[in-house]
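Notes for the one structure printed next.
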Amino acid sequence: MPNPFFLPFSLSRFGALFAAGTVALAACAPAETADRSTGVGYEVPVQPEIATGYQEKPGWTTSEFAVAAANPLATDAGYQVLVAGGTAVDAAIAVQMVLTLVEPQSSGIGGGAFLMNWDGSEIAAYDGREVAPAGADENLFIRADGSPYPFSEARASGLSVGVPGLLAMLEVAHAAHGRLPWADLFTPAITLAEQGFSLSPRLNLILEEDTDLRRDPIARALYYDEDLNPHPVGYNLRNPALAAVLRQVADEGVQAFYHGAIAEDIEARVQGHPERPGTLRASDLAAYPEQDFGRDAICTPWRDWTLCGFPPPSSGHLAVMQMLGILDHLEAAAGEGPGPDARAGAPGLEDGIPSAEWLHRYLEAAKLAFADRARFVGDGLFVDPPARSWESLLDPDYLASRAELVGSRSMGTARAGNPGALSTAFGLQPTQPEAGTSHISIVDADGNAVSMTTTIESGFGARIMSDGGTGLPGGFHLNNELTDFSLTPRDADGLPLANRVEAGKRPRSSMTPTLVFDRETGAFVATVGSPGGAAIIHYVAKALVGMLAWDLNAQEAINLPNFTNSNGPSTLEAGRFPDAVIEALRARGHEIREGDLTSGLQGIQVLPGGGFFGGADPRREGVVMGR
Ligand code: GLY
């Protein structure tokens with residue numbers, strides 16, 4: 001029987017994107033405008049099969065609006081919402097609902113997100129981060145013998161599931177910034193969940209490699225055949241339970257998720273985990289929407305721009321701005337700048353690759369930033385910042401003192417600094433694995449811009465699915481966001497960690513949704529962000545330096561090879577750096593490793609003459625669409 005997806009559309013939007021191999025969204029056919037019951041006019045696109053690995057992306061030029069997301073079907077849903085006159089927030093909701101279905105390993109309604117919206121005059125920041133249940137305490141991940149669970153066991157468990165925040169946050173953002181009816185924004189995801197979608201190569205590979213997901217009965221029945229092999233690439237995957245849950249949320253609002261059968265099923269799945277049940281209860285879900293989701297974005301001047309990002313519980317903006325600030329001090333000390341004059345000949349790029357000298361400085365700055373992150377950063381609703389302000393970590397004099405610690409050789413590891421008095425002495429959190437996540441960048445025809453990073457933490461979250469109590473096949477993944485807390489609450493000296501588990505607290509995040517503005521005029525310049533666990537911080541820093549300091553377009557900046565350091569050895573993207581650069585770093589004492597470093601950056605920038613230029617990461621399946 002033919003796959004009902006490969007219907008004979010004359011020329012799909014994806015056909016235009018991929019067959020031509022390059023080009024601009026002007027080549028994209030607009031969505032059909034046939035008379036229909038919803039305002040979105042959703043048309044199921046012909047679905048491409050995209051290779052995994054590194055696939056060159058053209059970069060996309062648009063004139064009115066643009067949307068960038070991690071999967072072509074999700075991008076297309078946002079595109080169709082924008083065509084129908086939706087705002088950037090409207091489009092973000094449609095994109096997110098489709099991502100829940102087609103990129104289930106990375107984000108979804110069982111997780112959380114940070115969203116920033118620029119409406120032409122101000123930024124509204126919405127915190128949809130998961131919280132620890134009322135029954136959780138600092139010993140959540142400590143076993144009877146006093147030792148913490150191994151990370152993989154903590155992750156694949158009911159213990160790691162935080163109260164999902166995504167839907168409640170999106171409803172509040174929609175009330176403030178949406179134009180199209182809430183229910184219409186669910187049409188693409190419901191349609192695709194009911195009719196099925198073409199399973200992508202990336203999802204197939206991740207299903208194959210995951211060792212825990214097959215143990216969840218819903219996931220096993222949804223994604224695998226009788227021999228426990230994942231369904232093949234191109235398989236038409238339907239998810240009736242997710243369609244039913246989304247329909248309920250579309251029709252009744254998010255109360256349908258946080259109360260009643262869906263909430264009860266989430267509780268039952270978390271508490272019914274066979275080995276490591278969690279503490280989450282339906283009452284935790286009922287309490288979640290009753291809070292203030294608004295946060296004050298932190299806007300930080302840097303050279304000719306103002307960069308705006310999320311405050312704690314995100315560590316992302318603080319770390320990025322610490323690194324950029326320290327780099328400026330190092331460039332100034334070397335007589336190279338910083339400043340507009342230095343920009344044209346800014347040090348850093350050699351033959352299109354970050355130079356060994358620039359990388360040395362960056363990696364040292366990263367160690368200093370990650371040392372501060374490990375000591376100071378936790379949920380701002382629970383943890384006092386140093387000197388009563390998170391911006392003390394960005395104080396130019398403080399960063400100058402940190403830059404003085406950078407010499408010509410690697411410092412090995414850095415110690416946290418002393419940006420100001422703390423009401424509590426915190427210990428140093430050890431490094432833990434972090435992974436997963438997805439990023440959405442959107443600009444709409446009215447000049448609104450969204451930067452939203454969204455996550456269920458690691459691939460497929462806690463490896464627990466809920467069918468929302470529908471009894472239908474399929475469902476959605478529950479996050480393992482609580483492993484973004486430190487598994488251990490105290491350091492060896494008994495000092496509490498800023499990022500220890502506490503009931504009602506949000507785990508520290510690395511998500512770094514960023515909006516960029518012209519420092520002098522305040523005009524919007526770019527929206528960018530990435531998945532990638534703690535490496536998000538480096539991926540976003542790289543894209544910002546590429547676009548702003550090195551004058552690359554968003555695609556070129558995203559393409560730059562990746563590099564990371566979390567205050568230990570450095571990792572460089574395998575096969576992307578010349579041996580001479582690696583050897584020069586080793587000669588300065590850096591411990592260099594090579595790895596995949598699969599970022600998933602999506603960025604959109606304003607073109608000088610008007611219109612937009614968008615880039616999507618060649619390491620993942622994302623695309624940009626627009627008009
Ligand atoms: N779980 C990914 C992050 O919040 O950084």
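Within segment 600-618, the set of residues being in contact with a strand residue (DSSP E or B) (Cβ under 9 Å, 6 or more places away or on another chain) and either small (Gly, Ala, Ser) or within 30 Å of Asn567 (Cβ to Cβ) (or both) comprises Gly600, Leu601, Gln602, Gly603, Gly611, Gly614, Gly615, Ala616, Asp617. Identify the residue in segment 482-496 that is open to solvent by less than 10 Å² (accessible area, probe 1.4 Å) and either more than 16 Å from the ligand (Cβ to nearest atom) or in a loop (DSSP other than H, G, I, E, B) (or both) and, among all such residues, is nearest to Val450 (Cα to Cα). Checking each candidate, the answer is Phe485.
Looking across Ala125, Ala69, one residue alone is open to solvent by less than 10 Å² (accessible area, probe 1.4 Å), closer than 24 Å to Phe197 by Cβ and within 17 Å of the chain's Cα centre (by Cα). It is Ala69. Taken over segment 397-430, the criterion of being among the β-branched types (Val, Ile, Thr) and under 16 Å from Leu327 (Cβ atoms) is satisfied by Val406 alone.
Looking at segment 464-472, can you tell me whether even one residue there is more than 16 Å from the ligand (Cβ to nearest atom), within 28 Å of His174 (Cβ to Cβ) and assigned to a strand (DSSP E or B)? Within segment 464-472 (the criterion being more than 16 Å from the ligand (Cβ to nearest atom), within 28 Å of His174 (Cβ to Cβ) and assigned to a strand (DSSP E or B)), the answer is yes, since at least one residue qualifies. Considering the conditions (1) open to solvent by less than 30 Å² (accessible area, probe 1.4 Å); (2) not in a loop (DSSP other than H, G, I, E, B), Ala414 is excluded by exactly one of them, (2). Summed over segment 279-292, the residues that are hydrophobic (A, V, I, L, M, F, W, C), touching a residue at least 40 places away in the same chain (Cβ under 8 Å) and assigned to a helix (DSSP H, G or I) give a count of 2.
If you go through segment 349-400 and keep only what is assigned to a loop (DSSP other than H, G, I, E, B) and either on the phi < 0 side of the Ramachandran plot or in contact with a Pro (Cβ under 6 Å, 6 or more places away or on another chain) (or both), you end up with Ser355, Val377, Gly378, Asp379, Gly380, Leu381, Phe382, Val383, Asp384, Pro385, Ser389, Asp395.
Right, Asp216: surrounded by 16 or more Cβ atoms within 10 Å (Cβ to Cβ), at pLDDT 95 or above and among the charged types (D, E, K, R) or not? Criteria met by Asp216.
This table checks each residue for (1) over 25 Å from the mean Cα position of the chain (by Cα); (2) within 24 Å of Phe485 (Cα to Cα).
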position	(1), (2)
Gly352	yes, no
Ser355	yes, no
Trp358	yes, no
Leu368	no, yes
Arg373	no, yes
Val377	no, yes
Gly380	no, yes
Pro385	no, yes
Arg388	yes, yes
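The residue list Asn499, Asn448, Asn479 contains one member that is more than 16 Å from the ligand (Cβ to nearest atom) and surrounded by 20 or more Cβ atoms within 10 Å (Cβ to Cβ), which is Asn448.
For segment 592-614, residues that are in contact with a Pro (Cβ under 9 Å, 6 or more places away or on another chain) and either open to solvent by less than 20 Å² (accessible area, probe 1.4 Å) or acidic (Asp, Glu) (or both) total 4.
Checked against (1) closer than 30 Å to Val450 by Cα; (2) among the hydrophobic types (A, V, I, L, M, F, W, C); (3) part of a helix (DSSP H, G or I); (4) over 24 Å from the mean Cα position of the chain (by Cα), Leu222 passes all but condition (1).
Would you list the strands (runs of 3 or more DSSP E) that sit entirely within segment 522-591 and hold 2 or more residues that are more than 16 Å from the ligand (Cβ to nearest atom) and surrounded by fewer than 24 Cβ atoms within 10 Å (Cβ to Cβ)?
Hits in segment 522-591: 524-529, 570-573.
Within segment 259-278, residues that are more than 16 Å from Ala462 (Cβ to Cβ) have Cβ atoms under 7 Å from residues that are among the aliphatic types (A, V, I, L, M) and part of a helix (DSSP H, G or I) in these pairs: His259/Ala286; Ile262/Val245; Ile262/Ala256; Ala263/Ala282; Ala263/Leu285; Ala263/Ala286; Glu264/Ala282, counting only partners at least 6 apart in sequence or on another chain. In segment 502-515, which residues are open to solvent by 10 Å² or more (accessible area, probe 1.4 Å) and more than 10 Å from the ligand (Cβ to nearest atom)? Within segment 502-515, Glu502, Ala503, Gly504 meet the criteria.
Whether any residue in segment 145-154 is touching a residue at least 24 places away in the same chain (Cβ under 8 Å) and buried (at least 24 other Cβ atoms within 10 Å of the Cβ) is what I want to check.
No: zero hits.
Kindly indicate whether any position in segment 228-235 is assigned to a helix (DSSP H, G or I), in contact (Cβ under 8 Å) with a residue 12 or more places away in the chain and either open to solvent by less than 20 Å² (accessible area, probe 1.4 Å) or more than 15 Å from Leu73 (Cα to Cα) (or both). For segment 228-235, residues assigned to a helix (DSSP H, G or I), in contact (Cβ under 8 Å) with a residue 12 or more places away in the chain and either open to solvent by less than 20 Å² (accessible area, probe 1.4 Å) or more than 15 Å from Leu73 (Cα to Cα) (or both): absent.
The values are calculated or read from the model by the stated rules, or taken from the named source; none is laboratory data. The structure presented is a predicted model; accordingly, all values stated were derived computationally and were not measured. Note that each Cβ is placed from the backbone with ideal geometry, even for glycine, and that neighbours are counted across all protein chains shown. Note: areas computed on protein heavy atoms with side chains; ligands, DNA, RNA excluded. Shrake-Rupley method; radii C 1.70, N 1.55, O 1.52, S 1.80 Å.
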